[in-house]
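J.: Provided herewith is a single structure, encoded as C-alpha cells, for subsequent inquiry.
Rule-based calculations on the coordinates, nothing more; no lab input. Predicted, not measured: the structure shown is a model, and the values here were computed from it. Cβ atoms come from the backbone with ideal geometry, glycine included; neighbour counts cover every protein chain shown.
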Amino acid sequence: MHQAKLLDAFKKLPKELLNNEIEVVDWGCGQGIGTIVLLDHIANSGLKNNVKRVTLIEPSKKALERAKLHVELYANSEIEVNIISKYFELIDDNEIKS
C-alpha cells in the first residue's frame, strides 16, 4: 500500500525535475522503501537516474542501518548515501545542507 501511494505521488512529478541532478532527503525513512520506490519509478519511466545523493533520516539506528544497506545495494555505489540518526527537530541545518 505504501508503494502504491508513493508511485501515485511520483507520477505527478514534472519530468523536467527528474531530468536534473537531484538529491533526496528521506525523512522518517524507516528501512528505505520510499527511496527505493523513487529509484524504481525513475528506472521504469525510462529516465536517466540523476540522483546523486540520498540522505536517510531516521531516529531508529537499527532501521537506519537497514535502510542504508538497502539503498546502497540498490544504487550500486552510484549514489552517495548519508545517514542521520536523529529526530527531525534535533537536526542541524548543516547536516542536510545541499
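J.: Cα to Cα, under 19 Å, and not fewer than 8 places away if on the same chain: which aspartates and glutamates meet these conditions relative to residue 68?
T.: Within reach: 23, 26, 40, 58, 78, 80, 95.
J.: Tell me the angle of helix 61-75 to the major Cα principal axis of the chain, expressed in degrees between 0 and 90 and rounded to the nearest ten.
T.: 30
J.: Looking at the range 50-98, which GluC sites (Glu not before Pro) are DSSP coil and have at most 15 other C-beta atoms within 10 Å of their C-beta?
T.: Passing sites in the range 50-98 are 78.
J.: Hey, another quick one. In degrees between 0 and 90, to the nearest 10, how far off the longest principal axis of the chain does helix 2-11 point, with axes built from Cα atoms?
T.: 50
J.: Give the long-range amide H neighbours of residue 83: residues separated by 5 or more places, or on another chain, with amide H under 5 Å away, using H modelled in the peptide plane at 1.01 Å from N.
T.: 56
J.: Taking amide H positions as placed in the peptide plane 1.01 Å from N, state which residues far from residue 28 in sequence (5 or more) or on other chains have amide H under 5 Å from it.
T.: Answer set, sorted by chain and number: 57, 58.
J.: Moving to a separate point now. Going through the cross-link list 11/52; 15/86; 5/52, which pairs have a Cα-Cα distance over 30 Å in this structure?
T.: Among 11/52; 15/86; 5/52, the Cα-Cα distance tops 30 Å for 15/86.
J.: Pull out a ≥ b ≥ c, the square roots of the eigenvalues of the alpha-carbon gyration tensor of the range 1-45, then state rounded if a/c is under 1.5, prolate if not and a/b is larger than b/c, and oblate in the remaining case.
T.: Judged from the Cα gyration tensor, the range 1-45 comes out oblate (a/c at least 1.5, b/c at or above a/b).
J.: How long are the semi-axes of the equivalent ellipsoid of the chain, defined as square roots of 5 times the Cα gyration tensor eigenvalues? Whole Å, largest first. Numbers along the way, then the final one.
T.: Values: eigenvalues 95, 43, 35 Å².
They are 22, 15, 13 Å, listed largest first.
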